[in-house]
Amino acid sequence: MGLLAISQVGLTGLAFLAQVLLARSLPQQDFGAFMAVLALVTLAGPLAIFGVAEFWLQRFGREGPRAVRWVGPSVVLVLGCSAVQVLVLSAWGLLDRSDPVLADLRIALAPVILAQAGMALSVSVLQLQGRYGRLSALQLTPHAGRLMTAVAATLIGLSALAVGVGYALVAVLTVGLSVLVLVPFWRRPTRLEGHSSTVVRPGRPPRMRHLVGGATPFMLGSLFYLLGMNLGVVVTGEFLSAQAAAVVAVPMSLLTAIYILPRVVYQQYFLAKLHRWSRSDRDAILIAYRAGTVGMVAVGVVTAVVVAVGGRYAIPLVFGPAYEESGVLMGLLALAIPFRFGSASVASLLTSGGLVRRKVWYQGLGSAGYLVTLALTIPTLGVYGVALTTVVTEAMLLVLFWSSARRNVVGDARLPRWSEISRRLTKE
């Protein structure tokens, strides 16, 4: 856990520095265009990965080493989906030349989709193996490459397109590193954390329709998650202006970096364990529900206060006077942080408790509500409509997730007292 925390602090720092350097070195309109396309590429990621990364955590958590039978078909599915996404985005850039800068950026940043897919699969493999040191190093690498590109943009005055090409080269390197992790796992599976090292026969590979059916809820869940973080920037760029997209992109990028914390805790550390506990340790699940939810909301409140107060003044100081309005937006968006932190805790219980489809259904409702509300608030409130819509949507999702977990995961069970939780954690 410590390794993951350290790596995420470094990752967040690298991402923040890259954003600052690009915002200061590129004209605001070009920075807004770059961030709008990068947000679009990020949204394409879940369709390329198709939920396979999280699906592996579920299947290996339930089947142990026998789940290696899913790996081959999964890689084929991800490669096919990634290729389609890259071709679609490149074709869009070639055919729609109404804004040459946006069009060229779509082509340049298309390889990032492949990098996202490779990184997601590699992270799942390293999670399953309990190799958190390598996981941390792998995650830091692309962000270090992006920072080097941003430094070059500052020193020699790269254009937005040149920055996009730099990001593409980093993506190619990321794909190569991911292959080095995935190929040995595919050919010769190693010991899995929490499972017996006894060699077992993996069984027959599943049919592709079974894989698609099992992975689709995870794909939709990831897509809906990213919609809340990126759709506002994309819609702002399309319906207001590139400058407005830049103003929104800065606080949303910082919010994305802050949200890494609950994702590290639940997606990269606890999720595989929660899948195991859901089958064998009911007490651990109840502790995760009570301590995890209360703890994450408390951490979210503290973080929100720091971000709201600090961001109001720090953003214009760091990014420049052109982003004064971004500081105000950060203060409003900080209200969403406790809701998102709490949602991460209870949503992980739905995922590990066999309620993935219910969780995805709630996320779909939230995304639909988010899109409809954006259509109403952006024309009337402008960029502030994005902030208001984000906070309301996060609050709604927390209520939906919490009520479902309380009803379907906890049920009539007695929640452990804090003294019991303390003894259990101290013992372990």
Please return the ranges of helices (runs of 4 or more DSSP H) entirely within region 302-396 where 1 or more residues are open to solvent by 30 Å² or more (accessible area, probe 1.4 Å), aliphatic (A, V, I, L, M) and over 22 Å from ALA242 (Cα atoms).
356-381
Regarding GLN129, is this residue within 20 Å of the chain's Cα centre (by Cα), within 30 Å of ARG62 (Cα to Cα), modelled with pLDDT under 90 and of a type outside the set (Gly, Ala, Ser)?
no
Mind listing whichever residues of region 145-156 are open to solvent by 40 Å² or more (accessible area, probe 1.4 Å) and in contact with a helix residue (DSSP H, G or I) (Cβ under 7 Å, 6 or more places away or on another chain)?
ARG146, VAL151, THR154
Only one of (1) closer than 20 Å to ASN230 by Cβ; (2) within 20 Å of the chain's Cα centre (by Cα) does not apply to GLY311, and that is (2)
Mind listing just one residue for me: the one in region 176-187 that is in contact (Cβ under 8 Å) with a residue 60 or more places away in the chain and either surrounded by fewer than 17 Cβ atoms within 10 Å (Cβ to Cβ) or of a type in the set (D, E, K, R) (or both) and, of those, nearest to LEU102 (Cα to Cα)?
VAL179
Going by the structure shown, is ARG24 modelled with pLDDT of 85 or more, surrounded by fewer than 21 Cβ atoms within 10 Å (Cβ to Cβ) and not hydrophobic (A, V, I, L, M, F, W, C)?
yes
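Rundown of residues vs (1) among the aliphatic types (A, V, I, L, M); (2) in contact with a Phe, Trp or Tyr (Cβ under 9 Å, 6 or more places away or on another chain); (3) without any contact (Cβ under 8 Å) to a residue 40 or more places away in the chain, yes/no style:
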| site | (1), (2), (3) |
| --- | --- |
| GLU324 | no, no, yes |
| PHE341 | no, yes, no |
| ALA347 | yes, yes, no |
| VAL386 | yes, no, no |
Failed item, numbered, when VAL170 is tested on (1) farther than 25 Å from GLY213 by Cβ; (2) open to solvent by 30 Å² or more (accessible area, probe 1.4 Å); (3) out of contact with any Leu (no Cβ under 9 Å at 6 or more places or on another chain)
(2)
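The values are calculated or read from the model by the stated rules, or taken from the named source; none is laboratory data. Since the structure is predicted, the reported quantities are computational estimates derived from the model, not experimental observations. Glycine also receives a Cβ, built like all others from the backbone with ideal geometry; neighbour counts cover every protein chain displayed. Only protein heavy atoms, including side chains, enter the accessible area calculation; ligands, DNA and RNA are left aside. Shrake-Rupley method; radii C 1.70, N 1.55, O 1.52, S 1.80 Å.
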